[in-house]
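Structure, as C-alpha cells:
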Amino acid sequence: MKDLLQIRGLSLDRFNAVLDRADEYYDIVTAGKKPFPKLKDRSVITLFYENSTRTRTSFESAAKYLGAEVVNISVGASSVQKGESLKDTALTLDAMYPDVIVMRHSQSGAPHRLAGWVRAHVINGGDGLHAHPTQALLDMFTARRRFGDLKGRKAAIVGDIKHSRVARSNIYAMTLAGMQVNVFGAGTLMPAGIEQMPCKVCKSLEEAIKGCDIVMALRIQLERMKGGLFPSAGEYNRYFGLGKKAMELAAPGAIVMHPGPVNRGVELSHDLLDTDMCVKDEQVTGGLCVRMALLDMLINKEL
Ligand code: CP
C-alpha cells in the first residue's frame, strides 16, 4: 500500500492491522515509555493548507516518537504565497526524498493528485468535504478500546453532516467494522445524496440516538458555509445541540465523541462536555497511536 487517501476501499484486514499496531503503541505511550525508534533516518513532511491543531501535531509527535525527522511546511510562509502551483510544490518536496507527505487541503481530491505526482507515501490529513481517514481510524480505535469488537454496535453521527469529511470517513469506517450507523442533522446541514451512503438518515435527534453505543457530535463548520444555514448558535444548540438529557436515550455505557475543535455550547452542551461520557481527549491519545502505527506500517511496508 503506497498511500492512505480514504477509508472507502480499505480492506478490513488492513483496518484491523493498523488498530492492532496502535494498541501496542498505546500501551507504550500511556506507560510513559518511548518505543523502539523504528523510523530512525526516515523523514516525514506535513503540508497543511488548512489550519490544524490535533492532526498536524499528532503526526509530528508520532513521527518523532518513532525517531523520524519531521519538516512542517507552513503554507502561509511558503512559496505557495508567490503563486507556486500544487504540482510544483509537490515535485519540489518530493525531490528532497521524504518517506511520507501528510497533506491537508481545502479542495476535495487534492491529496489524490499529490499521490499521483510523488514517490513518497501520501497520507490524507483531511481534504475538503471528502475524507479524513486518520480521524475515522482513531475514532474506531477509541471505540474498540472501550467496547472490544465493534460488530453489531450502533452509532449515531449528528450535526453538520453536509460539510463533514469526518462524517463521510466514519460512515465507511463504522460500516467496515460491522456497525449500524444513524445520521441526523438540520435539513440545511444534510448533504444531497446521503441516502446512497451506508447509513440510516433519521428524522430527529432522538430517533438517531436511541439505543446507540456511540454518539458522535460534529462541529458546525462555519468556515465552509457560504450563507446562514441556521439563525444563530443559541438557536442551533436549542434544537440540534447534544446535551445530557438527549443522551438518556442512548444505550447504557454509551460514549460521546467529537473530532474537535469543539464549539462549546453549540453542537455540544457544556453539561456533557466535561463528563466521563465524553471521550474527546481519549480520541486525541488514540490519534497519536494510530498515526504512529500508520507511519510505521507504511514506511516499513507492512500494509
Ligand atoms: N479533528 C481534527 O482534524 O482536528 P484539527 O483540525 O485540529 O486537526
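Name the shape class, rounded, prolate or oblate, that the alpha-carbon gyration tensor gives for the range 82-141, where a ≥ b ≥ c are the square roots of its eigenvalues, rounded holds for a/c under 1.5, and otherwise prolate holds if a/b is larger than b/c and oblate otherwise. Could the numbers behind the result be given before it?
On the way: a/c = 2.79, a/b = 1.55, b/c = 1.80.
Oblate is the answer for the range 82-141, as a/c is 1.5 or above yet b/c matches or exceeds a/b.
Can you compute the helix-only [θ] at 222 nm over the chain? Use -39500 (n - 2.57) per DSSP H run of at least 4 residues, normalise by all residues, nearest 500 deg cm²/dmol. Working shown, then result.
Working: 11 runs with 116 residues, N = 303.
Taking each H run of at least 4 residues, the total per residue is -11500 deg cm²/dmol.
How high is the relative contact order of the chain, in percent, with contacts defined as C-alpha pairs under 8 Å that are six or more residues apart?
Details: 574 pairs, mean separation 63.5, N = 303.
With pairs under 8 Å counted, the relative contact order is 21 percent.
Please identify every one of the GluC sites (Glu not before Pro) in the range 202-257 that sits in a loop by DSSP and has no more than 11 other beta carbons within 10 Å of its own beta carbon.
Values: sites: Glu206, Glu207, Glu223, Glu235, Glu248; in loops: Glu248.
For GluC sites (Glu not before Pro) across the range 202-257 that sit outside H, G, I, E and B with at most 11 neighbouring Cβ atoms in 10 Å, the list reads Glu248.
For the range 102-253, just say rounded, prolate or oblate: build the C-alpha gyration tensor, square-root its eigenvalues into a ≥ b ≥ c, call rounded for a/c under 1.5, and beyond that prolate if a/b exceeds b/c, oblate if not. List each step's numbers first, then the result.
Numbers: a/c = 2.17, a/b = 1.25, b/c = 1.73.
Since a/c reaches 1.5 but b/c is at least a/b, the shape of the range 102-253 is classed as oblate.
Describe numerically, in nm with one decimal, the distance between label points set 7 Å from Cα along Cα→Cβ at Met190 and at Glu206.
Those two pseudo-labels are separated by 1.7 nm.
Could you pull out the trypsin sites (Lys or Arg not before Pro) across the range 190-270 that fall in loop regions by DSSP (anything but H, G, I, E, B) with no more than 13 other Cβ atoms inside 10 Å?
Lys203, Lys226
Can you tell me how the range 206-300 classifies by the Cα gyration tensor, rounded, prolate or oblate, using a/c under 1.5 as the rounded cut?
Values: a/c = 2.42, a/b = 1.39, b/c = 1.74.
In terms of gyration-tensor shape, oblate.
In a GNM of the chain with a 10 Å cut-off on Cα contacts, which of Met277, Met174, Met247 has the highest mean-square fluctuation?
Of Met277, Met174, Met247, the Gaussian network model singles out Met277 as fluctuating most.
Alpha carbons only, please: Rg and Dmax for the chain, in angstrom.
19.0, 55
At Ser232 and Glu302, where each label point lies 7 Å from the Cα along Cα→Cβ, what is the point-to-point distance in nanometres?
Modelled inter-label distance: 5.4 nm.
Pairs of alpha-carbon atoms within less than 8 angstrom and 6+ residues apart define the contacts here; what relative contact order does the range 157-303 have, in percent? Present the calculation step by step, with values, prior to reporting the outcome.
Numbers: 208 pairs, mean separation 33.3, N = 147.
Dividing the mean separation by the residue count of the range 157-303 yields 23 percent.
In percent, how large is the relative contact order of the range 6-76, given Cα pairs closer than 8 Å and 6 or more residues apart?
Values: 62 pairs, mean separation 23.3, N = 71.
Averaging sequence separation for qualifying contacts and normalising by length gives 33 percent for the range 6-76.
With springs connecting C-alpha atoms under 10 Å apart, model the chain as a Gaussian network and identify which of Ser85, Ser164, Ser52 has the largest mean-square fluctuation.
Largest GNM mean-square fluctuation: Ser85.
Where is the GNM fluctuation largest for the chain (alpha-carbon springs, 10 angstrom cutoff): Asp139, Asp41, Asp160?
Among Asp139, Asp41, Asp160, the largest mean-square fluctuation in the Gaussian network model of the chain belongs to Asp41.
Take each complete run of DSSP H in the chain, measure how far its Cα atoms stretch along the helix's own axis, and keep only those covering 24 Å or more with mean Kyte-Doolittle hydropathy at least -1.0; list them. Don't skip to the answer; put the middle values down first.
Details: long enough: 12-30 (26 Å, -0.34); 280-299 (28 Å, 0.61).
Those that clear 24 Å and a mean of -1.0 are 12-30, 280-299.
Where a number appears in this text, it was derived from the coordinates with a stated rule and is not lab data. No experiment lies behind these values; they were computed from the predicted model shown. Positions of Cβ are generated from backbone atoms using ideal geometry, with glycine treated the same way; all protein chains shown enter the neighbour counts.
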